[in-house]
Amino acid sequence: MTQKVTYSAPDEFGHFGIFGGKFIPETLVKNAADLEEEYLKAKDDPEFRQTLDNLLRHYVGRPTPLYHALRLSEKQGGAEIWLKREDLCHTGAHKINNALGQVLLAKRMGKKRIIAETGAGQHGVATATVCALFGLDCIVYMGEEDIRRQAPNVARMKLLGAQVRPVSAGSRTLKDATSEAIRDWMNNPEETFYIVGSVIGMHPYPMMVRDFQAVIGREARQQVLEQAGRLPDVVVACVGGGSNAIGMFYEFLPDAKEVELIGVEAAGEGLDARHAASLTKGEIGVLHGSMMKLLQDEHGQVQEAHSISAGLDYPGVGPEHCYLQKLGLVSYTSTTDREALAALDALAKTEGIICALESAHAVHYAMKRAAEMPKESIIVVNLSGRGDKDMGTIMEELKL
Amino acid sequence: MKENRITRLVKQDKKLLIAYYMPEFPVPGATLPVLEALQESGADLIELGMPYSDPIGDGPVIQDAAHKAISHGVHVGSIFEMVRKARNGEGCKKITTPILLMGYSNPLIAYGGDCFMDDAVRAGVDGLLIPDLPPEESEDFLERAKHFGLSVIYLISPVTPPERIELIDSMSTDFSYCIAVNATTGTGKLDAAGMDEKIAEYLKRVRQHAKKKFVVGFGIKDRERVLKMWELSDGAVVGSALLQHVATATTPEETAAMAADFWKSLR
């Protein structure tokens, strides 16, 4: 039997090796500490677990299926491609797993005002949804450029009762929306709960968001054992900030000696042009309270990331991914805008599934790998979201 | 730790008036004339901003100033060069006022830790205030800074508990910097009703738990506020208001004249 990998991170200060931590102004130190204390209590509270599990089951629709994509696999002529259908979650992406966990925490802490940042709008929609569910005020910060690209999600958030605040600073995307949400939290530390949407930001967020998303891999691992009778050879997920990927990988980490874990970043227009591949091309730095690999210039100014998918358009990446890369437990590669679009098209035509542009990056890698692998091999792909929100971009790019 | 201009300044028995200025704001070439104007009109210490693209602790005024500075080509190395010139009196009168660099950790990391300290001292910098490097993340940083003879100033906020005020006070080499309100820089929060009592109570708490001096900043915009803060602490820091005052200047000379006018109005 293959040896299991022992993995435990972060340490008590939120460090994943040299990554992570709490690089925050003093005004936020107490907020972060209070949040950590409450989260650690809630995590071990059976009542909290049960409330969350019930909602995940009856409100979100978990467990999501693990689906053997027969026609797509056949088309590639190699390994079996299996899809973990997070696109079937209520609100259309994995983001709701985390938003629900955090809103329950906000309620426990008696906070009435919820803020969030969003890129593609999926996390904003998930947050607006759980706020509607619990009757809480919701303010979502979103870059002006993303508001333009993701108009349907903006309308959804408004319909759900949230206030969408446009952010005009910097690149007008996720990075700037995140900075603005952090500033809001500094200005309103007592009454506000900040629901961070990815495994980024200061401790305890990267750990907490991972824990809430780990349900993806927990289910997938069990499902593949039940349905295919064995562990997969490869597990793939796309990486922007990295929440769906960490959620998928976490429960597979002990198996990392026999299961290859692959994170796919956005290579945008190519790694020598505009892209969002922080793990592949970034340098160590600090953004939004955490040490991570970061796209930056020689003077330490953060550079604009680019991807066709708004959800991957972030110049940094979760600190745990940086650590997993360093440990060699996960390998990271990248997919271009063009390749992702082609994969999205192929998946739609062979399986009748329109996935999000983000997830299409992982699908592309899986298709490529499948073709090179023997038929009895198994690749599990995290299909993190559905593509409805991207129809505008898809229509433009595929000339529909 | 070796003596520097900041350690000498805090030994004096006087209330401090501290300026925060973002280099090359609003026009290229403004830094040296502004340093001279601030020194001549009575700034006790000058905090020089190191611009960063994503300043999470700053309100719109300093965000905008940082972006302008970056677009004017300001970076850590060019700031060192400006400080060196100021100390030598190249392009302005010799600047003898203590200079504290204030900025986020990323540009410093990109410059390279030890080189940063060494080059800062050589240029004539006296100390560092890195808002996103709280005590938990800065043990090595503090030791290295002390080794190079650089002062390190930490922040205290209204939500900092007493035992943590004691920790911060013990780590700050010369004085601590109290954030006046729970806010980003340059907000109007100090003007809110009931704020005077709140801030008095907060600074009394700091006085009880801090052995060293402490100054107050964030939202201090006029003489009235400066006098108030002098009553409650050992000094006042004025930043966003200064930048706002010079924002419309079109030449370095005009910037310096406006900075001097404003600074005199505070004294």
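Restricting attention to the stretch A:157-200 and to residues that are among the hydroxyl-bearing types (Ser, Thr, Tyr) and at pLDDT below 95, the residue that is nearest to A:Ala33 (Cα to Cα) turns out to be A:Thr173. With respect to the conditions (1) of a type in the set (A, V, I, L, M, F, W, C); (2) more than 30 Å from A:Asn31 (Cα to Cα); (3) touching an Asp or Glu at 6+ places or on another chain (Cβ under 8 Å); (4) touching a residue at least 40 places away in the same chain (Cβ under 8 Å), B:Ile156 lacks only one, and its number is (2).
Within the stretch B:234-241, is there a residue that is surrounded by fewer than 17 Cβ atoms within 10 Å (Cβ to Cβ), more than 14 Å from every other protein chain (Cβ to nearest Cβ) and either of a type outside the set (A, V, I, L, M) or in a strand (DSSP E or B) (or both)? Even if it seems obvious, please write down each step before you answer.
The first filter runs over the stretch B:234-241 and keeps only residues surrounded by fewer than 17 Cβ atoms within 10 Å (Cβ to Cβ), leaving none.
No.
Restricting the stretch A:56-68 to residues that are in contact with a Lys or Arg (Cβ under 9 Å, 6 or more places away or on another chain) and of a type outside the set (Val, Ile, Thr) leaves a set whose member that is surrounded by the fewest Cβ atoms within 10 Å (Cβ to Cβ) is A:Pro65. The residue that is nearest to the other protein chains (Cβ to nearest Cβ), among those in the stretch B:29-53 that are within 17 Å of B:Val74 (Cα to Cα) and polar (S, T, N, Q), is B:Ser53. Only one entry of A:Glu12, A:Glu36, A:Glu26 meets the criterion of being buried (at least 18 other Cβ atoms within 10 Å of the Cβ), within 13 Å of chain B (Cβ to nearest Cβ) and within 29 Å of A:Asp255 (Cα to Cα), and that entry is A:Glu36.
Residues that are more than 9 Å from chain B (Cβ to nearest Cβ) and farther than 26 Å from A:Ser307 by Cβ within the stretch A:169-214 comprise A:Trp185, A:Glu191, A:Thr192, A:Phe193, A:His203, A:Pro204, A:Asp211, listed in sequence order. If you go through the stretch A:133-168 and keep only what is farther than 21 Å from A:Asn188 by Cβ and small (Gly, Ala, Ser), you end up with A:Ala151, A:Ala155. Contact map, the stretch A:298-323: residues that are assigned by the TED database to the domain that holds A:Ala276 and in contact (Cβ under 8 Å) with a residue 60 or more places away in the chain paired with residues that are assigned to a helix (DSSP H, G or I) and β-branched (Val, Ile, Thr), Cβ distance under 7 Å, separation 6+ or inter-chain. Pairs shown: A:Ile308/A:Thr393; A:Gly318/A:Ile246; A:Glu320/A:Ile246; A:His321/A:Ile246. Within the stretch A:57-115, if we keep just the residues that are touching a Pro at 6+ places or on another chain (Cβ under 8 Å) and part of a loop (DSSP other than H, G, I, E, B), the residue that is nearest to A:Pro189 (Cα to Cα) turns out to be A:Ala79. Just one of the listed residues (B:Ile62, B:Ile56) is among the β-branched types (Val, Ile, Thr), within 14 Å of chain A (Cβ to nearest Cβ) and either in a loop (DSSP other than H, G, I, E, B) or touching a Lys or Arg at 6+ places or on another chain (Cβ under 6 Å) (or both), and it is B:Ile56.
Of A:Ile81, A:Ile18, which residue is within 14 Å of chain B (Cβ to nearest Cβ) and among the aliphatic types (A, V, I, L, M)?
Working: A:Ile81 fails: within 14 Å of chain B (Cβ to nearest Cβ).
From the options A:Ile81, A:Ile18, the qualifying one is A:Ile18.
Being among the small types (Gly, Ala, Ser), assigned by the TED database to the domain that holds A:Lys281 and in a loop (DSSP other than H, G, I, E, B) narrows it down to one residue among A:Gly241, A:Gly217; which is it? The match here is A:Gly241. Note on the stretch B:104-135: among residues that are of a type in the set (D, E, K, R) and either without any contact (Cβ under 8 Å) to a residue 12 or more places away in the chain or outside any helix (DSSP H, G or I) (or both), the one that is nearest to the other protein chains (Cβ to nearest Cβ) is B:Asp132. Considered as a group, the residues in the stretch B:136-160 that are charged (D, E, K, R) and facing another protein chain (nearest Cβ under 10 Å) include one that is surrounded by the most Cβ atoms within 10 Å (Cβ to Cβ), and that residue is B:Glu137. With respect to being under 27 Å from B:Asp54 (Cα atoms) and surrounded by fewer than 18 Cβ atoms within 10 Å (Cβ to Cβ), A:Glu304 fits the description.
Every condition in (1) over 16 Å from the mean Cα position of the chain (by Cα); (2) closer than 26 Å to B:Ala180 by Cβ is met by B:Arg84 except one, and the failing one is (2). Looking across the stretch B:65-76 at every residue that is farther than 18 Å from B:Thr184 by Cα and without any contact (Cβ under 8 Å) to a residue 40 or more places away in the chain, the one that is farthest from the other protein chains (Cβ to nearest Cβ) is identified as B:Ser71.
For the stretch A:246-356, please list each of the strands (runs of 3 or more DSSP E) lying entirely inside it that holds at least 1 residues being more than 14 Å from every other protein chain (Cβ to nearest Cβ) and in contact with a helix residue (DSSP H, G or I) (Cβ under 7 Å, 6 or more places away or on another chain). Talk me through it step by step, then tell me what you get.
Details: elements: A:260-268, A:283-287, A:290-294, A:331-336.
Fully inside the stretch A:246-356 and qualifying: A:260-268, A:331-336.
The residue list B:Gly59, B:Gly91, B:Gly29 contains one member that is within 16 Å of the chain's Cα centre (by Cα) and either modelled with pLDDT under 95 or surrounded by fewer than 24 Cβ atoms within 10 Å (Cβ to Cβ) (or both), which is B:Gly59. The number of residues in the stretch A:342-373 being surrounded by 24 or more Cβ atoms within 10 Å (Cβ to Cβ) and among the polar types (S, T, N, Q) comes to 1. Summed over the stretch A:307-333, residues that are surrounded by 24 or more Cβ atoms within 10 Å (Cβ to Cβ) and closer than 30 Å to A:Gly392 by Cβ total 13.
Filter the stretch A:276-289 down to residues that are of a type outside the set (Val, Ile, Thr) and touching a Ser or Thr at 6+ places or on another chain (Cβ under 7 Å) and give me whichever is farthest from A:Ala362 (Cα to Cα). Out of the qualifying residues, it is A:His288. For the stretch B:161-197, residues that are at pLDDT 95 or above and surrounded by fewer than 24 Cβ atoms within 10 Å (Cβ to Cβ) total 12.
The values are calculated or read from the model by the stated rules, or taken from the named source; none is laboratory data. What you see is a predicted model; the values in this text were computed from it and never measured. Cβ coordinates were reconstructed from backbone atoms using ideal geometry, including for glycine residues, and neighbour counts include every protein chain displayed.
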